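The values are calculated or read from the model by the stated rules, or taken from the named source; none is laboratory data. Given the structure is predicted, the values throughout are model-derived calculations rather than measurements. Please note: Cβ atoms are built from the backbone with ideal geometry, for glycine as well, and neighbour counts cover all protein chains shown.
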Amino acid sequence: MNTSIRVALADDQALVRAGLRALLTQQGIEIVFEAEHGDGLIEGLATHPVDLIVSDIRMPGLDGIEALVRLRAAGNATPCVFLTTFDDSALLLRATEAGAQGFLLKDAAPEDLRDVITGVSRGETFLLPVSTDPLRHRFQFRQVEAPRERFTEKEVAILRLIAGGYSNKEIARSLFLAEGTVKNYVSAILEKLDTRDRTRAVLKAIALRVI
């Protein structure tokens with residue numbers, strides 16, 4: 001575990017924060033400050049820069065997603081991992097559109113949380129699966145523009161690895177390809193899905209039943 005990861009922790013439940021603090025501290029992650037709502041998170045970040053935000057989504061007052069929207073609008077690009085008890089793909093979509101890099105259910109295993117925090121701190125994206133029907137409905141209009149047959153088996157395989165948060169280097173190693181070849185595949189995938197963002201590409205691929 002990279003002991004240099006500095007985290008801001010936001011959750012309205014004191015017991016949840018205490019549990020997360022204990023778990024993350026044991027794994028060498030430093031909790032720089034805690035907040036019990038979105039306003040507190042924004043205030044804390046103004047004076048205590050961190051490497052990563054770990055936040056609940058639904059909190060009293062300013063919730064996690066709206067807090068992130070305001071942070072991004074103000075130019076704060078601190079990576080954010082959202083935790084939620086709700087298996088709700090509409091929340092996943094909102095979190096992604098707000099600029100989150102990670103989305104994880106609170107009942108996930110501790111090692112999943114560790115892997116997500118470590119990966120996001122390295123610039124990766126982790127969107128763990130939830131029900132996808134609302135996502136499919138959200139992007140239904142794209143089905144004519146990006147039909148399933150436009151994607152090769154290799155592109156589908158790479159998309160699935162992107163959805164799992166793998167970097168180009170890790171994808172290359174997994175599929176026995178050169179990293180430059182993977183970059184070319186990723187560029188082609190993004191073009192077919194009419195996006196320049198890997199996270200949006202994954203959401204659209206789910207909506208189109210590509211993966």
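A few notes on this one:
- Test: residue in the stretch 159-181 that is touching a strand residue (DSSP E or B) at 6+ places or on another chain (Cβ under 8 Å) and in a helix (DSSP H, G or I): yes
- Residues in the stretch 182-202 that are in a loop (DSSP other than H, G, I, E, B) and either among the hydrophobic types (A, V, I, L, M, F, W, C) or in contact (Cβ under 8 Å) with a residue 40 or more places away in the chain (or both): Leu193, Asp194.
- From the list Leu91, Leu20, Leu83, Leu9, the lone residue that is within 20 Å of Gly164 (Cβ to Cβ), crowded, with 21+ Cβ neighbours inside 10 Å and either touching a helix residue (DSSP H, G or I) at 6+ places or on another chain (Cβ under 9 Å) or in contact (Cβ under 8 Å) with a residue 40 or more places away in the chain (or both) is Leu83.
- For the stretch 33-67, the candidate set comprises residues that are part of a strand (DSSP E or B) and not hydroxyl-bearing (Ser, Thr, Tyr); within that set, the residue that is modelled with the lowest pLDDT is Asp56.
Okay, residues lined up against (1) in contact with a Lys or Arg (Cβ under 9 Å, 6 or more places away or on another chain); (2) more than 21 Å from Val120 (Cα to Cα); (3) in the same structural domain as Phe103 (by TED's automatic domain parsing); (4) surrounded by 19 or more Cβ atoms within 10 Å (Cβ to Cβ):
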{"position": "Ile162", "(1), (2), (3), (4)": "yes, no, no, yes"}
{"position": "Glu170", "(1), (2), (3), (4)": "no, no, no, no"}
{"position": "Ala178", "(1), (2), (3), (4)": "no, yes, no, no"}
{"position": "Tyr185", "(1), (2), (3), (4)": "yes, yes, no, yes"}
